[in-house]
Amino acid sequence: MDSEAKVINGSQYPLGRLSSVVAKLLIDGERVVVVNASNVVISGSKEMVLRERREKRGIGTPRMGPEHPKKPSGILRKSVRGMLPGKRKGKEMLSRLRVHDHVPDEYKDADFMEIRIKRSPQVRYVTLEDCNG
């Protein structure tokens, strides 16, 4: 377990807002570990979210790309990557990020970082785990 890393429990946080907080921490030079990425939510009805996801994954060819992640950890990682600068600095920042779908044993007793994210009282949402299909 990385002792100086900030550990964030991603459960029930909106994808874009969580990604922006993580990107800001990475830009500031912090090491970040996000657990429970499968419980991060995307707002909207399940049909709409799955339709948009299928359309996006249908673009291109499997061999040539573009590649779209299927795992919840990959979806969150790609969302954070889009908020970082490109080229060498962005790659170095992204190397300080670890994303796990569930809570690994080494982080079960960790103190999770408290984040203040405005949560809308949105009743329609889909978790990244449900978005796999």
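The values are calculated or read from the model by the stated rules, or taken from the named source; none is laboratory data. Since the structure is predicted, the reported quantities are computational estimates derived from the model, not experimental observations. Here Cβ is always computed from backbone atoms with ideal geometry, including for glycine, and neighbour counts include all displayed protein chains.
Worth a mention:
- Among the residues of segment 37-70, those that are part of a loop (DSSP other than H, G, I, E, B), under 25 Å from Val22 (Cβ atoms) and touching a residue at least 24 places away in the same chain (Cβ under 8 Å) comprise Val40, Gly44, Lys70.
- Members of segment 84-93 that are crowded, with 17+ Cβ neighbours inside 10 Å and closer than 20 Å to Glu67 by Cβ: Leu84, Gly90
- Residue tally, condition modelled with pLDDT under 95 and in a loop (DSSP other than H, G, I, E, B), over segment 11-28: 3
- Enumeration of residues in segment 75-133 that are among the charged types (D, E, K, R), over 15 Å from the mean Cα position of the chain (by Cα) and in a loop (DSSP other than H, G, I, E, B): Lys108, Asp109, Asp111, Glu114, Arg116, Lys118, Arg119, Arg124
- Filter result for Arg96 (surrounded by fewer than 17 Cβ atoms within 10 Å (Cβ to Cβ) and at pLDDT 95 or above): yes
- Checking Val49, Val33 one by one, the residue that is over 12 Å from the mean Cα position of the chain (by Cα), of a type in the set (A, V, I, L, M) and surrounded by 12 or more Cβ atoms within 10 Å (Cβ to Cβ) is Val49 and no other.
- Residue that is closer than 28 Å to Val7 by Cβ, surrounded by 14 or more Cβ atoms within 10 Å (Cβ to Cβ) and out of contact with any helix residue (DSSP H, G or I) (no Cβ under 8 Å at 6 or more places or on another chain), where the choices are Ser43, Ser38, Ser79: Ser43
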